[in-house]
Amino acid sequence: MISVADICFYCLGAMLLILAGLTVLSKNLFRSVLAFLGVILCTAVLFISLRAEMVALAQLMVYVGGILIFVLYAVFLTSELGGKMPDPGQRRTFIAVTASMFSLAVLLGLAWQFYGPLGAEQVIEPNIASLKSLGFRLLNPGPDGFLIPFELISVLLLAAMVGAIAIAKQSAKSGAKS
Amino acid sequence: MTPLSITHPLGDWIRQQLPSPFAAIANGLIAVIAIAMLVVVTAIFLVWLERKVCARFQARLGPTRVGPFGLLQPVADAIKLLMKENIRPRTVDQLAYFLAPLLPITGSFLVLIVIPFDHNLQVLDPDAGIVYVTAVSGMGILGVLIGGWGSNNKYSLLGSMRAGAQLFSYELSMVLCMLLIVMASGTASLRNIVLSQQGTILDWWIFKLPVAGLVAFLLFIVSSTAELNRGPLDLSEAEQELTGGFHTEYTGISFSMFFLAEFVNMFAAAGLGATLFLGGFLAPQIGWHPVDQLLAFIPGFIWFAAKAYFLIFLYMWTRWTFPRLRIDHLLSLEWKFLLPASLANLLLAATLVLFKWVIP
Amino acid sequence: MISLNRFAGSVSALLKGLGVTLNYIVHPKRVVTREYPENRETLTFPERFRGQVVMPHDENNDHNCTACTLCEKACPNGSISILTTKNIASKRVLGQFVYRLSSCTLCNLCIEACPFDAIRMGHGFEMAGYTREELDLILNKKEGR
Amino acid sequence: MIKADSKLLSTLPPGFALHDTGEDGSQEYFLNMGPQHPSTHGVLKLVVKLDGEKVVEVVPHLGFIHRAIEKMGENESFVQYIHLTDRMDYLSSHINNLCVCMAIEKAMGIGVPERGEYIRVMVSELQRIQSHLLWWGSFGMDLGAVSTFLYGFKEREKITALFEELCGARLTMNFFRPGGSNSDVPETFLPRVKEIIQDLKFALDEFDALLTKNPIIIERTRGVGILPKERAISYGCSGPVARASGVDLDVRKHSPYSVYDRFEFDVPLGKNGDCYDRYWVRMEEMRQSIRILEQASAHFPPDPYRSKEKPNYKVPAGSYFASVETARGLFCTYMVSENAMKPYRIKSRSPNFSNLSAINEMSAGGKIADLVTILSTLDIIVPDIDR
């Protein structure tokens, strides 16, 4: 029997697919960013329905509050209002299709490995991604934890930031000269 | 996080009466309608309050004609705004132009869902309430950005660019201030944060952490003023420079959406400040029994409103006193002063919590 | 330490500013608003208030104008036209004192020019009209004698 | 980025065309500030070339309310011209009137009785204060502190009410006449002036607490819109704008008209010529005006207030010149008469045109918010520029 939750899930999935398609296929860069916003929101709702609220919130915070705004900035500063993007070449299309097929295969493989054949009943462990458990895992130096990768990534980000500032300063200097 | 549930006698009663999925839907609907009513009523009242308070600051009377004390003035304004022709300039990006006004109001609506108005008056109490608030408040920025760009007006574009830079940077120090409370109280759920402040007034986080609490409160007020886009930090509107900034091209109902969101956001931010620092819905207790009982007799939502409106008064007071900062000063204020200060304050608070140097 | 001093100075300056505005809100007596259409009855005007030009008439509905046209000449905007007529003694007298409020700048020059105090500045100030013709006034109630 | 509108470029007058946006892909674009903009104080249009928020170039467009007042003056009698000067710099209308009267007096050899001179000085100083009060209010509002606008107007209202009692009008006074003034001051004049002085002293302290010492104001005005002394002279700036740049130019002091030589007052001078100095100079000028008012009201001479009126104002042939210091600077009247009732040519030199001309130099390189600050501290009155 199909439950209310299932109907919701399928609707959400359909919406997600349509929006993802729009993100990729829209000729207007701004429209595709908006579609991307929809994708993020739908994914967040999916996470919530999987009882992974923390992940959903993190997704919203990072993508909507951060990345999407930067993408919007980039779009605003580079594209014309109502401007259309040129058609990608055949080579690019081919590469894109191959890459997405490959990643789909990887994802399906992973899903198969963890959950077996599609449609099998899985018991979702509640609060698998609660704030507390995530916090403990992030700050756990042991093999289960992510303290060392987390710190490594922080160092990488710091290096990237310093590098960005250095580049910006250099270009400002050369700009002043010219 | 429990799925949509009202922890209120009404919610329990509905759950008894109806089978479970319908009860959940009914409860959800009630919650949504209640929040929507709250949004509308608060916005209307705040518009009136702002006009009245600002008038008194400026040695004026403010609205007096429509209704007693001009209380119906915002209703008249709203009718006027709704009746107005919704002018759409020919060169705007239609989707962006129509979508933008909806986003900020959605954001403030979503924030109000987790604010604990009283012991049993909260739509949703996620574990990660603070994270939720920061996550959904990003919607407001998006609306401003999209609207400013979609209007195809240089003033709007300048305003939205300013807004992006400003809101993005001030979110950092605001989150750090909230993080301080999370650290001190050991929970990120807004309800539990309130409950962690039980006791006398000195148990409110503003006083409980010596110095650090007060500093965090002030930093929160400053950075939330910037987040709210209110004077003296209303750079993206900046009427005198940008003739209205991102909403230059908006009229009628779509303008009023931005307008409404601004006021509801102010209420939400003030409610958040009251929750985090001023004990939320808890009655102020001074440690002397008879008075305490009297104070505790007053329902929690009234205390909550009183605290929130105190903060709103602070917002209004600064808005109608100070001149506006310049955009580069605003950003250097954040990056050179507020952010280091809130980081240092976080460190101080961590030390205090670690050695338990809190007011008992 | 200098910067700390500066910081303290800035904060105290900001607080002083806040004090000024707070002073207004806690002293309702400082409100200066007067509500106009309601207080129309009690409105007082200084004696010299320059509203629209009027021509005082006595109890017999007579006025002092002799149609000397000094005011017409004194008016910088040509707002006054004196239309004369002849009375029974075939003397030139005032027929109509046409005053175009629409172009009048209320400069007081006509009143200064008048040697007979026939016109003066009234206290009327609600001068709006729907058409320009409404503002073409005839000040005298009857012809001169 | 939105590209510069090519139609906009074509509206620029020949010779004033801004450099086109570079073909090198630079990010510069044009912004039309005005004629309907909250901080241009009237129908002034500024065509601003911006690089992001940085101002590259500013070109003011004038003429939106040109009324050919000088040409109208050729068809009016000398006395009638006085009331036209009300409508140039409407915040200094008394002082403008005074200038025309002085030119006519010079031409016809009319003397002014002492009381008349004292009335002129006191009314001029009151006018200067009310103009500066309005400026103070709008300055605060331009910088975003809206309450100051109301405070400034609240104080100004007292002086305007006094003017209403004095001459019946609040803005377009038409009060001074050759040989004195239209009428004597009412009996209530002196007590009201004393009252106003008391109120103003209190208000100025409040203003200092609100804006003068406010760190936000200091940040936004110090070092912003610097006009060096020699540039101020070469642009022909006058009044507080020039004095803030250190140009010691005040007609009241250096070629005293009326009875200004009898009063003790200082001419405040700035050092840097930035917005803060212009702000400070105006605040200080209000205090100096209060000083003058105090001295004048202490020795207010008895009647008569006006010398005997001439039967007509037929000005002998020749050219005549008079200059006064209005709230915004040097106001001069130059008239050529052919022994007639009407001037052959009458010319008013008003301070705002010259003051505005310096705006490009002052604001280039600053932010768009600085442009607003600079425009506000220039304290322009657009009808005075266009005339």
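The values are calculated or read from the model by the stated rules, or taken from the named source; none is laboratory data. Quick caveat, the model's predicted, so the values are computed rather than measured. Counting neighbours? That spans all protein chains shown, and the Cβs are built from the backbone with ideal geometry, glycine included. Ligands, DNA and RNA are excluded from the accessible area calculation, which covers all protein heavy atoms including side chains. Shrake-Rupley method; radii C 1.70, N 1.55, O 1.52, S 1.80 Å.
The local environment of D:Glu338, defined by Cβ-Cβ distances under 14 Å, has a net charge of +2 under the rule Lys, Arg +1 and Asp, Glu -1.
The trypsin sites (Lys or Arg not before Pro) of region A:1-78 that DSSP puts in a loop, and whose beta carbon has at most 16 other beta carbons within 10 Å, are A:Lys27. Computed from phi, the 3J(HN,Hα) profile of region D:211-216 under the Karplus parametrisation 6.51, -1.76, 1.60 (θ = phi - 60°) reads 10, 4, 9, 5, x, 5 Hz, with x in place of Gly and Pro.
In order along region A:61-72, the Karplus-derived 3J(HN,Hα) couplings, from 6.51 cos²θ - 1.76 cosθ + 1.60 at θ = phi - 60°, round to 5, 6, 7, 6, x, x, 4, 4, 5, 5, 4, 4 Hz, and Gly and Pro are given as x.
Amide H to amide H, with H built 1.01 Å from N, D:Ser258 comes under 5 Å of no residue 5 or more places away or on another chain.
For chain B, hydrophobic long helices are taken as DSSP H runs at least 24 Å long by C-alpha position along their axis with mean Kyte-Doolittle hydropathy of 0.0 or more; these are B:20-57, B:154-185, B:252-277, B:300-319. If you model region D:116-232 as an ellipsoid using its alpha carbon gyration tensor, with each semi-axis the square root of five times an eigenvalue, the axes come out at 31, 18, 12 Å, biggest first. Percent of C-alpha pairs per 20 Å bin in the protein assembly as shown, short distances first: 10, 35, 31, 17, 6, 1, 0. Computed over all pairs of different Cα atoms, the Kirkwood value for the hydrodynamic radius of region B:8-83 is 15.0 Å.
Normalised by 2.2 N^0.38 Å, where N counts its residues, the alpha-carbon radius of gyration of region C:1-43 equals 2.09. Only protein heavy atoms count here, probed at 1.4 Å, and on that basis chains D and B bury about 2700 Å² of accessible area in total. Pick from C:Val53, C:Val93, C:Val20 the residue whose mean-square fluctuation is largest in a GNM of chain C, springs joining Cα atoms under 10 Å. Ranking C:Val53, C:Val93, C:Val20 by mean-square fluctuation puts C:Val20 first. Projected onto its three principal axes, the C-alpha set of chain D covers 72, 50, 34 Å, listed from the longest axis down.
What angle, in degrees between 0 and 90 and rounded to the nearest 10, separates the Cα long axis of helix D:275-298 from the longest principal axis of the Cα atoms of chain D? Approximately 10 degrees, to the nearest ten.
Distance from the Cα centroid of region D:266-293 to that of region B:22-47 is 56 Å (rounded to whole angstrom).
Look at where the Cα atoms of region B:185-258 and of region C:56-102 average out, and the two centres are 69 Å apart. For chain B, adding -39500 (n - 2.57) for each run of n ≥ 4 DSSP H residues and dividing by the number of residues yields -21500 deg cm²/dmol at 222 nm.
When you restrict to C-alpha pairs under 8 Å that are six or more residues apart and normalise by the size of chain C, the relative contact order lands at 28 percent. Placing one identical point scatterer on every Cα of region A:1-86 and ignoring solvent, what is log10 I(q)/I(0) from the Debye formula at q = 0.21, 0.23, 0.24, 0.26 Å⁻¹? Each listed q maps to, in turn, -0.98, -1.08, -1.13, -1.21. Computed on region B:118-210, the Cα convex hull volume stands at 120 Å³ per residue. Compactness of chain B was expressed as the Cα radius of gyration divided by 2.2 N^0.38 Å, which yields 1.02.
Near A:Phe146, the amide H atoms lying under 5 Å from its own belong to A:Leu138, A:Leu139, A:Asn140; only residues 5 or more places off or on other chains count, and H is placed 1.01 Å from N. Among the cysteines of chain C, those with no neighbouring cysteine Cβ under 4.7 Å are C:Cys65, C:Cys68, C:Cys75, C:Cys104, C:Cys107, C:Cys114. Spatial offset of region D:133-185 relative to region D:220-264 amounts to 22 Å, using the alpha carbon center of each.
Within a Cβ distance under 9 Å of C:Val31, other residues only, what is the Lys/Arg minus Asp/Glu net charge? Walk me through the intermediate numbers first.
Details: positive: B:Arg56, B:Arg60, C:Lys29, C:Arg30; negative: none.
So the environment of C:Val31 carries a net charge of +4.
The Cβ shell under 13 Å around B:Thr64 holds other residues with a net charge of +4, Lys and Arg each +1, Asp and Glu each -1.
For region D:123-152, heavy-atom accessible area (probe 1.4 Å) falls by no less than 40 Å² from the chain alone to the full protein assembly at D:Gly144, D:Val146, D:Ser147, D:Leu150, D:Tyr151. Compactness of region D:52-178, taken as the C-alpha radius of gyration over 2.2 N^0.38 Å, stands at 1.28. GNM on chain B, alpha-carbon springs under 10 angstrom: the most fluctuating residue among B:Ala59, B:Ala341, B:Ala135 is B:Ala59.
Between C:Ile119, C:Ile80, C:Ile88, the GNM of chain C built on Cα springs shorter than 10 angstrom shows C:Ile88 fluctuating the most.
Taking only the alpha-carbon atoms of region D:266-351, what semi-axes of the equivalent ellipsoid follow from 5 times the gyration tensor eigenvalues under a square root, in whole Å, largest first?
Values: eigenvalues 237, 105, 10 Å².
Values for region D:266-351, descending: 34, 23, 7 Å.
Look at the alpha carbon pairs under 8 Å that are at least 6 residues apart: their mean separation over the length of chain B gives a relative contact order of 21 percent.
Sequentially through region C:118-128, phi angles give Karplus couplings (6.51, -1.76, 1.60; θ = phi - 60°) of 7, 10, 8, 7, x, 9, x, 9, 8, 10, 6 Hz, Gly and Pro residues having no value and appearing as x.
Close amide H pairs (under 5 Å, H built 1.01 Å from N) link C:Leu137 with C:Tyr99, C:Arg100, C:Leu101, residues at least 5 positions away or on another chain.
Please give the helix D:93-108 orientation as an angle from the longest Cα principal axis of chain D, in degrees from 0 to 90, rounded to the nearest 10. With both axes taken from Cα atoms, the answer is about 50 degrees. Ligands, DNA and RNA are left out, and with a 1.4 angstrom probe the accessible area of region A:1-86 is 55 Å² per residue.
A quarter of the convex hull surface defined by the alpha-carbon atoms of region D:311-387 gives 6.4 nm² as the mean projection.
For region B:322-345, backbone nitrogen atoms closer than 19 Å to the point 7 Å from B:Met183 Cα along Cα-to-C-beta are found at B:335-345. Global dimensions of region C:14-139 from alpha-carbon coordinates: Rg and Dmax equal 21.8, 81 Å. With respect to chain C, whose longest principal axis is taken over its alpha-carbon atoms, helix C:2-26 is tilted by about 50°.
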